[in-house]
Amino acid sequence: MAVAADGTMTSDTNNPDDGSGQGSPQPGVMGYARSPQGKRILLIIAAAATVALMIGIWMWSQKIEYRVLFSNFNDRDGGAIVASLQTMNVPYKYSDGGSAILVPENMVHDARLKLASQGLPKGGNVGFEVMENQKLGVSQFLEQVNFQRALEGELARSVQSLSSVQSARVHLALPKASVFVRDQQKPTASIVLSLYPGRFLDGQQVSAIVHLVASSVPELSPKAVTIVDQNGNLLSDTTKQTQTNTLDPTQLKYVQDMQQDIVKRVESIIAPIVGTGNVRAEATADIDFSRTEQASEAYKPNQTQDTAAVRSKQSSEASNSSSGTSGIPGALSNQPPAPATAPIVNPAAANATGQAGAAPGAAPTATSQGNSRKDETVNYEVDKTVRYTQQPIGGVRRLTVAVVVNYKRTLDNTGKIVMRPLTEAERNQISDLVREAMGFNKDRGDSLNVVNTQFNTDLEPEVPLWKQPGMIELAKEIGKYVLLGAVLLYLYFGVLRPIIWKLSGREERERLAKEKAEAEAQAAAAAAAAGFDPDDPDAIVNLSGEPAIDERAQYKANLETAKQWAKNDPKLVASIIKTWVNNE
């Protein structure tokens, strides 16, 4: 036992123990493992295993997600795709049932582009490239079959180019040409579509496919094209096309857009008055989509001759005069005329006497006869009105608008916000604004109803945060990374860092420094108990370890100090020595 220069006591004996607590090392693996070199190797192995475990946990958390590269392919295309993926060193696997090939998510697009440059997948449909390998001696029937196969393949590829169509098959029935008109038959077509999950085709898209196929085959009518989806639903139903009393999607969208536009206009003009969120409006529009054409021809009543317009006038006049004999046939009537006499002065007397009053035997006299004719034809214009009227499509027959306005917020005498109903003047003002915004027409039968009531916001229950859509998945994802971080931190601070400290000797240095600090503290406490003042400038020993005089004088002074401590307080010295022995 010796007292060091810094005031601590050290042992002068050399301990040949290798750390195992025995005088000589044990032979074999256990002895080597307990040796300092074996301990160091075990620590290195443990550190490497901990690092590997941490890396494995991190890689497990970053598990590669596989996505579908291609699906619903034939066996020939599947083999070609797998061979190309193996050549490109792209990892792949099959889905359940082998109906799809999966590749890592970050390599889907690159793999598709590279396979597309190789013409994969071909899709099982052959196009006009089948005509490039024609052999000599091929019959006309085989040429016709190859042409039909090529045409069906090209049509299928065109239909598959649509975004909603996953795959398509086209079947054409092309009859043989005949020179007899009564034996001629029109071609028909059948199409089977396989749509992507969650996708559908509207009426316009189905009509587009029908006309695409009908335009690609000569003399193929659109009515002769049948389209069926993968569920067996008939998409090209001709009976629906003949119904004229139903609205198509375009007309329905037109009605919805008009109603939404009316609601938007009403709410935008009322919101500045009552505040945003204090007005709700709904509109119903009755739209007339019928096509109406009217032709009318009207005649006015007959007009007078003076007011009527003369269209044409035609007149003709004819007169005829002749002379002859008159009297009783016989000899007397054939006598020559008598000599002329004076003219009859009194025609009435003459008429009274007449020839009947003539003397018997008088000769008959010759008279002159004649007739005249006058014809006049006048054509008048007839008043006629011809009117052709064509009503526009999409005319509004009736509008119905309902508006609900919340109570107005005001401050009472105490400064508290209270809700009060609108006054009659305010309601009339809002009603007038709504009529102008909606285009109110009384003759058309439009109706408007404005209701002022207090909104009940308590009817909408608050959904807890954990019940929000996607919150459960988000919580799982966050919990996964929190657990991963906790495990990694435990492995680093609890396992890896102590091993690194042992390998680097940092732990031993910290232990020695801690023991030194405790010994200095105990020595200071003992000095204070013995009446030694370390702050005295005349003191020989500075407990900080810096000698005030040379080493020999320092040693002698420390030795005297230790002896004095042993005499004054032997229990304290015994406790210090016991502590040193236990820490060794």
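Per-structure values
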| item | result |
| --- | --- |
| All helices (runs of 4 or more DSSP H) inside region 390-508 with 2 or more residues being at pLDDT 80 or above and surrounded by 12 or more Cβ atoms within 10 Å (Cβ to Cβ) | 424-438, 471-490 |
| Options A116, A150: the member that is part of a helix (DSSP H, G or I), at pLDDT below 85 and among the aliphatic types (A, V, I, L, M) | A116 |
| Residues being assigned to a helix (DSSP H, G or I) and loosely packed, with under 15 Cβ neighbours inside 10 Å - total across region 58-97 | 13 |
| Which numbered condition A33 fails, given (1) aliphatic (A, V, I, L, M); (2) within 56 Å of the chain's Cα centre (by Cα); (3) under 24 Å from P498 (Cβ atoms); (4) at pLDDT below 80 | (2) |
| Test: residue in region 378-387 that is open to solvent by less than 80 Å² (accessible area, probe 1.4 Å), at pLDDT 75 or above and within 33 Å of the chain's Cα centre (by Cα) | no |
| One residue from A189, A224 being at pLDDT 90 or above, in contact with a Lys or Arg (Cβ under 7 Å, 6 or more places away or on another chain) and crowded, with 16+ Cβ neighbours inside 10 Å | A224 |
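The values are calculated or read from the model by the stated rules, or taken from the named source; none is laboratory data. Model, not experiment: these values are computed from the prediction. For neighbour counting, all protein chains shown are included, and Cβ atoms are generated from backbone atoms with ideal geometry for every residue, glycine included. Accessible surface areas use protein heavy atoms only, side chains included; no ligands, DNA or RNA. Shrake-Rupley method; radii C 1.70, N 1.55, O 1.52, S 1.80 Å.
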